[in-house]
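A.B. asks: Here it is, the structure in full.
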Amino acid sequence: MIKVFIVEDHEMYVEGLSLLLKKQLDIDVTGTAANGTMLLEKLPLIDADILLLDVQLPDTSEEDLLKKIRLIKPAQKIIYLTLMRGTRYVHKLLRHNIQGYVLKNAPLEELLGTIREVYKGGTYFSKEIDILSSNDFRATLTLEEKKVAEILSKREIEVLTLICKEFSNVEIAEKLFLSVSTVGLVRFALKNKLIE
């Protein structure tokens, strides 16, 4: 039996999700919390294979919460279930070794598949989010600054930095006094690994 603990501040959503999960023969919901404070108070005693978390909780930032979770339970498996599609959220969370990221509007089967995959030791990140694979991204986190400078020009690093901050091509062009087409070409080249 896969034991899941849900952390979500919308009561109706929690109730509906709990019912759907409990209908599965191999999944059980062992408890819920409405915010990060409640979760941390209960965490030492929580018996759960997986924490199913919402990104935006009312009383804490996602990174602060993850740091505290990792201090208490370093090996805890975590899946984020959220409406946040922004790549910057995924990138921030990956630094804290999360195992899954699923959009709330995803089909139930996708969520169930993610829970089962993470339980077996795998990872899953929604295909609707345009990011590098988790393994590729984790590798870039340890890339030395000197190596980045060898691979990319100063201008390319400036563009990449703004891309990571989710600025549009037009916004980047305005900030760096470039043409929109130039920014688009750099974005395309980075995405398709043409710049090495």
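A.B. asks: Please give the number of the condition Ile172 fails out of (1) within 25 Å of Val90 (Cα to Cα); (2) of a type in the set (Val, Ile, Thr); (3) modelled with pLDDT under 75.
C.D. replies: Looking at each condition in turn, Ile172 falls short on (3).
A.B. asks: When region 40-57 is examined, which residues are found to be in contact with a helix residue (DSSP H, G or I) (Cβ under 9 Å, 6 or more places away or on another chain) and either farther than 10 Å from Val7 by Cα or at pLDDT below 95 (or both)?
C.D. replies: Correct list: Leu40, Leu43, Pro44, Ile46, Asp49, Ile50, Leu53, Asp54, Val55, Gln56, Leu57.
A.B. asks: List the residue pairs whose Cβ atoms are under 7 Å apart, where the first residue sits in region 61-86 and is modelled with pLDDT of 90 or more, the second is open to solvent by 70 Å² or more (accessible area, probe 1.4 Å), and the two are 6 or more positions apart or on different chains.
C.D. replies: Pairs found: Ile72/Pro44.
A.B. asks: Pull out all pairs, ordered by first then second residue, where Cβ-Cβ is under 8 Å, the residues are six or more apart or on different chains, the first lies in region 116-137 and is part of a helix (DSSP H, G or I) and open to solvent by 50 Å² or more (accessible area, probe 1.4 Å), and the second is polar (S, T, N, Q) and at pLDDT 50 or above.
C.D. replies: Glu117/Thr123
A.B. asks: Right, another one. If you go through region 77-98 one residue at a time, do you hit one that is of a type outside the set (D, E, K, R) and more than 30 Å from Cys164 (Cα to Cα)?
C.D. replies: no
The values are calculated or read from the model by the stated rules, or taken from the named source; none is laboratory data. If you're wondering where the values come from, they're calculated on a predicted model, not measured in any experiment. So basically every Cβ, Gly included, is an ideal-geometry build from the backbone, and we count neighbours across all protein chains shown. Protein only, heavy atoms only, side chains kept; ligands, DNA and RNA dropped before computing areas. Shrake-Rupley method; radii C 1.70, N 1.55, O 1.52, S 1.80 Å.
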